[in-house]
Amino acid sequence: MSTYAEVAAAIRAAPRVVVISHENPDGDALGSLIGAAGGLRLAGVDARAVIADAPVPREYRWLADGEVQTDVGEGAYLLLAVDCGSERRIAGPAGVIDGASVVINVDHHHDNTLFGAINVVDGGAPCASIMVCELLDELGVSLDRPTATALYVGLVTDTGRFQYSNTTPAAFAFGARLTALGVEPGAVFARLYEGVPAGRVRLHGRALAGLVLELDGLLAYAVLTRADFAAADAEESAADGVIETVRAIEGVEVAAVIRETPDGAAHKVSLRSGSGAVDVSAIARSGGGGGHPRAAGFASDRGVEAILALVREGVSVHRRRATLPLAPGTR
């Protein structure tokens, strides 16, 4: 595994840096992306944050507006991928990897494919944004408030507002450091979690109305079709958060939300593990995706029943191997 010093040396030698992250970006992807590009500019590096072919979810547009481009621009560049577990998941223009002089991979997914020429991967890091900060520290950057705010968004969303199992002492220390730099947690919370559009609430209602429990209550899933989005008058990002409600049901070990894509040609699948006893990233990998042991996903051009068969098999395989109770209340 490479070091931050090696990453910093490569960046200093590059004519410019294009920072990129994964498709369907969440808070940590965007916070890391924008924080990295902003922090590199503070170090005097010509850096550009890029997301292609994917609208930024509504709750993050205040952070991304004016900060994210859709193309790599002109001239040679080093590519810095943050919070991206595999080359396949990179949300970039066609040829973005082939066009780079060097590809650097900074990530905290335990199943990262090490696709970079330089890889810094730490599966124990609570979020990718804390790794971006370590890189900026190596470069001697003094964080300003906007960069600290972007990194805080990555931290607070990936730790579930400091509630998930990845909320380590390092996560709290990182949050304290960022708030000391002027980040306002209350203002960030309001931006991310309040002012919810009515369409999102309606869409969540439709998803939960169709909730199904199987395998003696170990598996719970909901399916969202294009008709559901139209009836709710909801945009794509409105589906975010449904999976957490499904995961919270007593006795559920694996939660799944299957969402039809806008063109109707495929489905996106979100997976969560209730107690962590089932590694949902293993299920996601079998579908061509990946993620974390307790939060993962994949995209598939298969139908809903074929996707459910894959998920059921993943849960059943785990149950056959398990020797201890999965969790209190598990049926």
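The values are calculated or read from the model by the stated rules, or taken from the named source; none is laboratory data. As the structure is a computational prediction, the values presented were derived from the model and not from experiment. Here Cβ is always computed from backbone atoms with ideal geometry, including for glycine, and neighbour counts include all displayed protein chains.
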Conditions (1) in contact (Cβ under 8 Å) with a residue 60 or more places away in the chain; (2) part of a strand (DSSP E or B); (3) out of contact with any Ser or Thr (no Cβ under 9 Å at 6 or more places or on another chain) -> residue 272 fails only (1)
Check region 93-101 and report whether any residue there is modelled with pLDDT under 95 and of a type in the set (D, E, K, R). yes
I'm trying to understand the selection: among the residues of region 84-112, which are buried (at least 24 other Cβ atoms within 10 Å of the Cβ), part of a loop (DSSP other than H, G, I, E, B) and either of a type in the set (A, V, I, L, M, F, W, C) or not assigned by TED's automatic domain parsing to the domain that holds residue 20 (or both)? 84
So is residue 304 modelled with pLDDT of 90 or more and either assigned by TED's automatic domain parsing to the domain that holds residue 22 or within 21 Å of the chain's Cα centre (by Cα) (or both) or not? no
Can you list the strands (runs of 3 or more DSSP E) found entirely within region 1-83 that contain at least 1 residues being in contact (Cβ under 8 Å) with a residue 60 or more places away in the chain and within 24 Å of residue 142 (Cβ to Cβ)? 17-20, 78-82
Residues in region 294-314 that are in contact with a strand residue (DSSP E or B) (Cβ under 7 Å, 6 or more places away or on another chain) and either surrounded by fewer than 19 Cβ atoms within 10 Å (Cβ to Cβ) or small (Gly, Ala, Ser) (or both) total 7
Output the residue which, of all residues in region 195-204 that are assigned to a loop (DSSP other than H, G, I, E, B) and surrounded by 12 or more Cβ atoms within 10 Å (Cβ to Cβ), is modelled with the highest pLDDT. 197
Considering (1) of a type in the set (A, V, I, L, M); (2) exposed (fewer than 15 other Cβ atoms within 10 Å of the Cβ); (3) within 22 Å of the chain's Cα centre (by Cα), say which one residue 208 fails and leave the rest. (3)
Residue within region 179-194 that is over 20 Å from the mean Cα position of the chain (by Cα), farther than 21 Å from residue 26 by Cβ, surrounded by 14 or more Cβ atoms within 10 Å (Cβ to Cβ) and outside the structural domain of residue 270 (by TED's automatic domain parsing) present: yes
